[in-house]
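The values are calculated or read from the model by the stated rules, or taken from the named source; none is laboratory data. As the structure is a computational prediction, the values presented were derived from the model and not from experiment. Every residue, glycine as well, gets a Cβ built from its backbone with ideal geometry; the counts of neighbours run over all protein chains shown. Each accessible area value is taken on the protein alone, full model and side chains, heavy atoms only, with ligands, DNA and RNA left out. Shrake-Rupley method; radii C 1.70, N 1.55, O 1.52, S 1.80 Å.
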Amino acid sequence: MSQSYVVPIGRVKSEANEALPAKKLHSSLKPSLALLAVFVMVWTLYGLISAAPAAIHNDTAEAYVWGREFQLGYAQHPPFWAWIAGLWFEVFPRADWAFTLLAVLNAGLGLYGSWMLIGDFADGDKRLAATGLLLLTPFYTFLAFKYNANSIFLSLWPWTMHFFVRSIDHRHLTDALLFGLFIGLAMLSKYFALILATACFVAALMHPERRAYFNSAAPFVSVLVAALLFAPHAWWLTRSGALPVHYFIHKTGLGVISVLIACLSLLAGVLLFHLIIVMLIALVKRSDPRSWVKTFRTRWAEPRFRVLTTLAVLPLVLTVVAGFVFRLRPSTNMTIGVFSLLPLLLIELAGTEGNDRLYRVVRTLAIALTLVALALSPVIAFAKIWYRGDINYTEPRKELARQATELWHKTTTLPLQYVGGSQRYENAVAFYSSDRPHVFIHLDFRRAPWVTAKDLDRAGLLVVCSTTDEQCLNSAAKVSTSQTSRTTLTLMHSFSGYAVGYSSFIVTIVPPHPLSLPNRAGTL
């Protein structure tokens with residue numbers, strides 16, 4: 001490969017864009033936003049139809065439950081991704097379609113961020129093909145509907161890397177501020193963002209402008225902004241007993257064999273998810289993948305290629321290393337947002353020829369996949385409820401929310417304000433109940449600091465436990481009073497006239513304390 005090919009394309013391109021008139025930049029932005037809107041519209045429609053029989057995933061319901069409380073941190077994770085859900089439902093109704101729209105919009109913003117990030121390294125058909133190939137992975141489509149602390153990285157990860165590359169390329173204050181902003185938001189979403197920060201730092205050491213970068217104010221501005229964003233959560237950690245840290249520690253210390261199997265499963269999953277990309281690039285560009293290793297060794301001498309490789313591959317490597325160091329189980333769910341640059345890296349390894357042909361093929365396949373998925377969405381919906389392999393399609397969570405709320409209203413004239421119990425069911429009642437109750441998570445005041453004993457005396461408590469959840473039933477017994485009532489419910493989930501199995505629950509109603517009830521004059 002000639003040295004002329006290795007010119008920092010992203011930097012040249014970015015500088016060229018800065019010289020473009022604003023009118024041209026606006027004209028290029030409009031089609032990008034239009035394509036983003038089409039992506040969001042089509043895949044939201046797919047999600048609504050294919051998941052019509054299902055209740056929202058528990059992780060997604062948890063985002064709603066946490067987000068409406070707007071805490072500086074929660075028992076398992078930092079707060080930003082939950083804040084997004086909380087703000088979202090201040091505007092949108094509590095409905096499945098609204099959560100689907102949020103999840104797809106998050107994926108769409110991630111695709112747009114990937115387009116910008118890829119543009120830091122490539123141009124023309126190569127950039128178009130590399131971005132289009134992301135649509136042939138399941139990360140931005142089929143796996144994006146579960147909005148949680150992992151999927152938020154679909155949007156945050158590429159934008160963070162994009163502003164990192166721009167910051168080190170140009171050392172402009174705006175890029176440094178935005179890099180600090182996004183790495184701070186990533187850290188406020190999940191501590192997995194430490195891997196993102198480490199990858200950026202190593203890439204900075206690989207960058208040909210590293211000396212000028214570290215001698216400039218840019219990295220210090222980024223660190224300062226990120227630290228200021230993270231500071232309130234750090235303060236909360238010290239005041240709360242560092243609950244997320246304890247949650248992480250609880251996940252560590254597994255056996256070596258279990259960790260090895262998990263890491264191998266992660267690598268196998270990543271390979272499987274990208275197999276169609278590898279095959280497509282090899283076939284369309286007529287490049288033998290066995291030659292890519294030799295190409296990699298040759299291109300590694302190019303500083304810009306080392307930066308690209310580091311940002312594309314190191315996060316996965318660090319995830320596996322962290323699995324062995326902390327002896328935990330890494331999964332493909334954790335890495336859902338880290339592969340924005342991998343298609344571009346594979347294209348680079350396959351040579352310079354055939355990028356125009358690759359883009360045409362990728363465009364056709366991406367459109368075909370989208371249309372086929374949309375056409376098959378009703379079939380997918382009925383197939384999932386028919387084969388009963390996904391509990392989100394079979395458990396009567398919506399039915400439980402309705403029945404439990406009705407039981408509450410038969411017992412007291414007050415609206416349902418607090419619910420607790422088995423995790424999937426307490427969250428489902430919170431989301432689907434017409435009373436919009438707060439969740440007393442696992443009946444644990446440490447997990448739900450927004451609930452106090454006085455609140456429960458004043459408003460009462462509804463507890464929903466699976467009949468097989470002994471821990472939940474024991475906790476319900478501990479909060480019971482002499483006025484407590486218990487009802488066993490056996491419910492079936494049905495969709496379009498088709499019933500799916502049944503589940504049994506014990507609903508415990510702890511009414512408000514009599515002394516806390518208002519008198520006829522409305523005073524205590």
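Observations on the model:
- Scope segment 419-438; condition farther than 19 Å from Leu489 by Cβ and either aromatic (Phe, Trp, Tyr) or buried (at least 17 other Cβ atoms within 10 Å of the Cβ) (or both); matching residues: His438
- Residue check: Pro330 meets all listed conditions (1) more than 20 Å from the chain's Cα centre (by Cα); (2) in a loop (DSSP other than H, G, I, E, B) but one, namely (1).
- The residues on offer are Thr332, Thr352, and the sole one that is polar (S, T, N, Q) and closer than 27 Å to Asn150 by Cα is Thr332.
- Residue within segment 286-296 that is over 30 Å from Gly354 (Cα atoms), surrounded by fewer than 20 Cβ atoms within 10 Å (Cβ to Cβ) and of a type in the set (A, V, I, L, M, F, W, C) present: no
- Taken together, Leu400, Leu376, Leu371 contain a single residue that is under 22 Å from Ile441 (Cβ atoms) and of a type in the set (A, V, I, L, M, F, W, C), which is Leu400.
- Output for segment 461-519, where each listed residue is under 20 Å from Thr411 (Cα atoms), surrounded by 12 or more Cβ atoms within 10 Å (Cβ to Cβ) and among the small types (Gly, Ala, Ser): Ala476, Ala477, Ser480, Ser485, Ser516
- The condition of being open to solvent by 30 Å² or more (accessible area, probe 1.4 Å), at pLDDT 95 or above and over 21 Å from Trp157 (Cβ atoms) holds for Leu48.
- Among the numbered conditions (1) at pLDDT 95 or above; (2) closer than 27 Å to Trp88 by Cα, the only one that Gln423 does not meet is (1).
- The helices (runs of 4 or more DSSP H) located wholly in segment 156-229 that include 3 or more residues which are over 28 Å from Ser331 (Cβ atoms) and out of contact with any helix residue (DSSP H, G or I) (no Cβ under 7 Å at 6 or more places or on another chain) occupy 210-214.
- Applying a threshold of 8 Å to beta carbon distances and a minimum spacing of six or more residues, or different chains, the list of pairs starting in segment 432-455 at a residue that is among the acidic types (Asp, Glu) and ending at one that is part of a strand (DSSP E or B) reads Asp455/Tyr418.
- So Phe99, is it closer than 18 Å to Asn427 by Cβ, in contact (Cβ under 8 Å) with a residue 40 or more places away in the chain, under 13 Å from the mean Cα position of the chain (by Cα) and crowded, with 19+ Cβ neighbours inside 10 Å: yes
- Count - residues of segment 343-371 that are open to solvent by less than 50 Å² (accessible area, probe 1.4 Å), assigned to a loop (DSSP other than H, G, I, E, B) and more than 17 Å from Phe121 (Cβ to Cβ): 1
- Just one residue in the set Ala54, Ala63 is under 15 Å from the mean Cα position of the chain (by Cα), open to solvent by less than 10 Å² (accessible area, probe 1.4 Å), under 30 Å from Ala448 (Cβ atoms) and not charged (D, E, K, R); that residue is Ala63.
- Residues satisfying the stated conditions in segment 391-427, i.e. part of a helix (DSSP H, G or I), within 24 Å of the chain's Cα centre (by Cα) and more than 16 Å from Glu69 (Cα to Cα): Ile391, Asn392, Tyr393, Thr394, Arg397, Lys398, Gln423, Arg424, Tyr425
- Selection status of Ile249, modelled with pLDDT of 95 or more, at negative phi, assigned to a helix (DSSP H, G or I) and β-branched (Val, Ile, Thr): no
- Segment 141-168, subset hydroxyl-bearing (Ser, Thr, Tyr) and closer than 14 Å to Leu341 by Cα, residue surrounded by the fewest Cβ atoms within 10 Å (Cβ to Cβ): Ser155
- Looking across segment 442-455, just one residue is hydrophobic (A, V, I, L, M, F, W, C), touching a helix residue (DSSP H, G or I) at 6+ places or on another chain (Cβ under 7 Å) and either assigned to a helix (DSSP H, G or I) or surrounded by fewer than 21 Cβ atoms within 10 Å (Cβ to Cβ) (or both), and that is Leu443.
- Scanning segment 266-285 for residues that are open to solvent by less than 70 Å² (accessible area, probe 1.4 Å) and either touching a residue at least 24 places away in the same chain (Cβ under 8 Å) or of a type in the set (Phe, Trp, Tyr) (or both) turns up Leu266, Gly269, Val270, Phe273, His274, Ile277, Val278, Leu280, Ile281, Ala282, Val284, Lys285.
- Within segment 375-393, residues that are farther than 23 Å from Ser503 by Cα and modelled with pLDDT of 95 or more sit with their Cβ atoms under 7 Å from residues that are open to solvent by less than 80 Å² (accessible area, probe 1.4 Å) and of a type in the set (A, V, I, L, M), at 6+ positions apart or across chains, in these pairs: Ser377/Ile49; Pro378/Ile49.
- Scanning segment 66-93 for residues that are open to solvent by 10 Å² or more (accessible area, probe 1.4 Å), in contact (Cβ under 8 Å) with a residue 60 or more places away in the chain and either of a type in the set (A, V, I, L, M, F, W, C) or closer than 21 Å to Ala381 by Cα (or both) returns Leu72, Ala75, Phe80, Ile84.
- Inter-residue pairs, beta-carbon under 6 Å, first in contact (Cβ under 8 Å) with a residue 24 or more places away in the chain and in segment 297-320, second surrounded by fewer than 18 Cβ atoms within 10 Å (Cβ to Cβ) and outside any helix (DSSP H, G or I), 6+ apart: Pro303/Pro208
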